Amino acid sequence: MTMTSGDVLLFMTGLLTLFCPPVAMPMYASVTGHFPDSTQRQIAWRLFVWIGALMVGAVWGGQFLLRMLGLTLGALTLTGGLVLCLWSIPMMRGTNNDERQGGTVKLEYAQWRSFIAVPLIFPLSIGSAVVSLVITTATRFHTVADLCTISIVCVLHAGVIGLTYVFSGTWCKRLGEIGMTLIERLSGIVLTAIAFQMLAQGIRELLPGLAS
């Protein structure tokens, strides 16, 4: 099956629906707002590169990798939900402020690097639904030309995510310390809710009998 312009538009719309910039901006700001502007831009650039690479990798080898490792999207969803839950609960309770206190540049670098995988990439930027959409689309349209088209769309989508995070830094400055604290607590609540939802979804997919 050859991918039409309508199929490309539908795929792009699906990706943008799963990543909502107005929702992602305050959550991103709550995680990275305490870093300097230069560091926030560096994080946004790294996220663009990593997200683009991961999505393109899912296009060309996602289904093969899952089959080779014997993994399912349900298992990934369950694991991601567990990791996110462990990360977001301290954020919701406001007990992660000690990690924000200054130190050396090396310490700061180590701090923001620990945020890249969880929650900035997964699940804030791309979650199991995005991975499933990418792999499903690549399976349906599997010619070389179609896979190249899907890859280009994924890179463009990664660019949208990167730009969203770049502008989040300017946005969070206007909130002030009190506003950022409030946003952090609310984002922690939302991320914890997402984590429990991912846990429930992963359990349903791995143990479908429990859902009946």
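Read the figures in this text as sums done on the coordinates, not as results from a lab. Remember, predicted model here, so these are calculated numbers, not experimental data. In this analysis, Cβ positions are derived from the backbone assuming ideal geometry, glycine residues included, and neighbour counts consider all displayed protein chains.
Computed quantities for the displayed model
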read-out	value
Burial ranking of peptide ranges 121-128, 142-149 (average Cβ count within 10 Å, highest at the top)	121-128, 142-149
Two-decimal Rg to Rh for the chain - Kirkwood Rh, Cα set	0.99
Most mobile of SER168, SER114, SER151 in a GNM of the chain (Cα contacts under 10 Å)	SER114
Highest-fluctuation residue, ARG185, ARG67, ARG140 considered, GNM on the chain with Cα pairs under 10 Å	ARG67
